[in-house]
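Asks: The structure that follows is given in the form of structure tokens.
Every number here is computed from the coordinates shown, using simple stated rules; none is lab data. Not measured: the values here are computed from a predicted model. Backbone-built Cβ (ideal geometry, glycine too); neighbour counts: all protein chains shown.
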Amino acid sequence: MTAPGTNTYLVGTRDPILIDTGAGAAGYVALLDGYLQSRGWARPARVLLTHRHRDHMGGVAALRARFPGLPVAKMRHRDAALPEPIEDLRDGEVVRGDGVTLVPLYTPGHASDHLCYYLVEEKALFTGDVVLGGSTTVIPPDDGDLADYMASLRRLQQLDVARIYPAHGPVIEDAPAKLREYVEHRFERERQILAALAGDRATIPEIVAHVYVGVSPALHGAAAMSVQSHLRALEKQGRVKERVVSGEPSRWELA
Ligand SMILES: [Zn+2]
């Protein structure tokens, strides 16, 4: 699910702020340490996390072992297992580093606690898992919400953003084009799912097989999550209905 791995970013000219910490892969801290030393930097000033997923905050413990007392901040929001102590960071609560100003933006949908960070000096956006380089993101049915996600994309579209630094995949140089592509992709999926329901495909596996033709079955689990998120959002809008049959997959129909 992490594509080529999780990106982490050092932001600032001295005493940099570290955005995200990776999954806790062996060798990460040594790699980071070597880079800091090559720049003549002693340590990160602090860590900002985009959201609760393990591939973003899994590196906190090892970083704290190397840099005792390292402050870590994220939005507190229905979190169970956080690497305490964690400072609570809220939407719009500006974080200043050396030569940089980061504005946290609450952007739920992929995760209920997701913050993107807007880098004022560069008109750049650290999008975490809201926008990725080279692929679309997953909306997990447990903690994600497609309607929230679409609202978050629209919020990001209101900003003056040039470049996107995603948590997975390469840097995105044309932010407005990528955001437009993401919004259009979701609308296209929604149209396809509604067409599948109109064509009498009723269960999520049936819809996946119809909409994701030619996609490797290895990805059908992620596709099923996406279809389920779409169906829940359409259900909230009163456009589809779920019919629960015990012992069988739910059947969905147009309302
Ligand atoms: Zn995530």
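Asks: Mean shadow of region 137-234, computed from the convex hull of its alpha carbons, in nm²?
Replies: Approximately 6.9 nm², given one-decimal rounding.
Asks: Using alpha carbon centroids, what distance separates region 232-255 and region 66-138, in Å?
Replies: 34
Asks: Tally the DSSP beta bridges in the chain and give the antiparallel ones as a percent, rounded to 5.
Replies: 65
Asks: Can I ask one more? Efficiency by 1/(1 + (r/R0)^6): what FRET value for A30 and K236, r their Cβ-Cβ distance, R0 = 51 Å, to the nearest 0.05?
Replies: 0.60
Asks: Would you list V138, V11 from fewest to most Cβ contacts within 10 Å?
Replies: Listing V138, V11 from fewest to most nearby Cβ atoms yields V138, V11.
Asks: Kindly provide the helix-only [θ] at 222 nm of the chain, computed as the sum of -39,500 (n - 2.57) over DSSP H runs of four or more divided by all residues, to the nearest 500 deg cm²/dmol?
Replies: For the chain, the value works out to -10000 deg cm²/dmol.
Asks: Once phi is turned into θ = phi - 60°, what whole-Hz ³J(HN,Hα) does the Karplus curve with 6.51, -1.76 and 1.60 give for every residue of region 34-40, x standing for Gly and Pro?
Replies: x, 5, 4, 5, 5, 8, x
Asks: Jot down the per residue volume, in cubic angstrom and as a whole number, of the convex hull over the alpha-carbon atoms of region 39-112.
Replies: Given the Cα convex hull of region 39-112, per-residue volume reads 109 Å³.
Asks: Right, something else. Using all alpha carbons of region 188-254, what is the percent of pairwise distances in each 10 Å bin, ordered from the shortest bin to the longest?
Replies: With a bin width of 10 Å, the distribution comes to 22, 58, 19, 0.
Asks: Now, a different point. Just want the ordering: K74, K178, K123, from fewest to most Cβ atoms lying within 10 Å of their own Cβ.
Replies: K123, K178, K74
Asks: Grab the Cα-Cα distance for Q157 and R54, subtract it from 0.36 nm times how many residues apart they are, and report the gain in nm with one decimal.
Replies: 34.3 nm
Asks: Nearest 0.05, what FRET efficiency do D174 and S246 give at R0 = 41 Å with Cβ-Cβ as r?
Replies: In this case the efficiency is close to 0.25.
Asks: Kindly state, as a whole number, the per residue volume in cubic angstrom of the convex hull around the alpha carbon atoms of the chain.
Replies: 140
Asks: On to the next question. Would you mind counting up the charge near G134? Only other residues with Cβ under 14 Å from its Cβ, with Lys and Arg at +1 and Asp and Glu at -1.
Replies: Charge balance near G134 sits at -3.
Asks: Also, quick follow-up: Loop only by DSSP, 16 or fewer other Cβ within 10 Å of the Cβ. Give me the trypsin sites (Lys or Arg not before Pro) in region 34-68 that pass, ordered by residue number.
Replies: The qualifying sites are R39.
Asks: Please compute the modelled spin-label separation between R39 and V183, points set 7 Å along Cα→Cβ, answer in nm with one decimal.
Replies: Distance between the two pseudo-spin positions: 3.4 nm.
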